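I have placed the structure first, in the form of structure tokens, so that the comments after it can refer back to it.
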Amino acid sequence: MPIDPPALPRRRVMTLAQAAAPAADAANAAAPIAIAQVIPLTGPTARRGDAWRNGAEMAVLEANGTPGPRIEVYTYDALSPAVGGRSSLLRALDTGVKAVLAMVPPTTIAAALPTAGERGIRLIAPGSAWPGSPSPWLTLASPTPRARMQTFLAWLRSSFGWRRFALLGIPSDPDRPNRDAFRSLAGPDLVAEAAVTPADTTSEIARLLRATPDAVFLDAPVATLPRLLTALRAQAPDLPILGDGALILPHTLEAAGPAAQHLIATTTGTPDIPALAPFATRYETLFKTPLTSFALEGYTAAALIRAASRRSPPPPLNGLHTDASETVLETTWGANGEPHQASFIARVGRVGEIEWLTLGQG
């Protein structure tokens, strides 16, 4: 989940259109693309809104410094009182914009979807704002567990030639979407599975290893991972251990100690991934504050508008074809502003040494 950025002094920020004005040139003379963002600018979540606005501003500045139609952004406080029964989001939809970046609760998104659909306005919101609606819109979430595990397994098979996998977890936590997706996609390559308790951990791991897997997918609550890593390493010191981002959390690695090696995890686009270091440097130079996941979401949302507007010939925004709940947060951006879905892989070869990889998906 996103983490609040550190407390910062409140500052006055010019509108994005004003900030980008010096970059205008003759190539930007085409009719501008007007978008709105509805973000918290007051109240306890104002710091999140500030970070989101910074990220969006950075994307718009980059877009307006290149040929193509300018992007103009109108900003609304998501926490402003409703006027005439209409929220800030609904009022933003009344302004003739092509898209609205909405950092608002799921219920607010759901209430605005019919209006947005009638007017052909694209809604783009954080993944946490998923309203459970089938209406077309964009959510800035990580790829679904199935999509991520599909990429992960394809990479494991092609990179290492592995065809024998095992699953290890605990029986008291049945709802594990990553584990379930891995099990389904591994198919006949899943040669063993064990759900262990403290009383039978050693014997169940021994049974699991008798199937001679090439690697074990370890999926359990964070609190139990160090214990399971240690128990697995006691019987298989060099066996590759697979998992999601919880496997390489600092707490997990520290608590597991020497057992935290030969790990491979698929994780999300968090700000500390080295692949994002150039982006983080640009962001911190521009805003004098550390990059946060909220800023990444704001940048990604605005960059989608940039990607749509730079096609040749530039289509209307709805030419950026998407399905309901399409996910775009794990995204890298090409030199021409085109989005590429990506998965991020962390490898711990030896204790304390993490290697990061970015796996493009087209």
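The values are calculated or read from the model by the stated rules, or taken from the named source; none is laboratory data. Note that this is a predicted model, so its numbers are computed, not measured. Every residue, glycine as well, gets a Cβ built from its backbone with ideal geometry; the counts of neighbours run over all protein chains shown.
Okay, residues lined up against (1) of a type in the set (Phe, Trp, Tyr); (2) without any contact (Cβ under 8 Å) to a residue 40 or more places away in the chain; (3) under 16 Å from Ala215 (Cα atoms); (4) not assigned by TED's automatic domain parsing to the domain that holds Thr300:
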{"position": "Ala154", "(1), (2), (3), (4)": "no, yes, yes, yes"}
{"position": "Ser158", "(1), (2), (3), (4)": "no, yes, yes, yes"}
{"position": "Phe165", "(1), (2), (3), (4)": "yes, no, yes, yes"}
{"position": "Arg183", "(1), (2), (3), (4)": "no, yes, yes, yes"}
{"position": "Pro198", "(1), (2), (3), (4)": "no, yes, no, yes"}
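Any residue at all in the range 266-278 that's more than 20 Å from Asn178 (Cα to Cα), touching a residue at least 40 places away in the same chain (Cβ under 8 Å) and touching a Lys or Arg at 6+ places or on another chain (Cβ under 6 Å)?
Looking through the range 266-278, none of the residues is more than 20 Å from Asn178 (Cα to Cα), touching a residue at least 40 places away in the same chain (Cβ under 8 Å) and touching a Lys or Arg at 6+ places or on another chain (Cβ under 6 Å).
Answer yes or no: is there a residue in the range 171-187 that is assigned to a loop (DSSP other than H, G, I, E, B) and in contact with a helix residue (DSSP H, G or I) (Cβ under 7 Å, 6 or more places away or on another chain).
Looking through the range 171-187, none of the residues is assigned to a loop (DSSP other than H, G, I, E, B) and in contact with a helix residue (DSSP H, G or I) (Cβ under 7 Å, 6 or more places away or on another chain).
Filter the helices (runs of 4 or more DSSP H) completely within the range 29-120 down to those with at least 1 residues that are under 18 Å from Ala295 (Cα atoms) and touching a Lys or Arg at 6+ places or on another chain (Cβ under 7 Å).
In the range 29-120, 46-64 are the helices (runs of 4 or more DSSP H) which contain 1 or more residues that are under 18 Å from Ala295 (Cα atoms) and touching a Lys or Arg at 6+ places or on another chain (Cβ under 7 Å).
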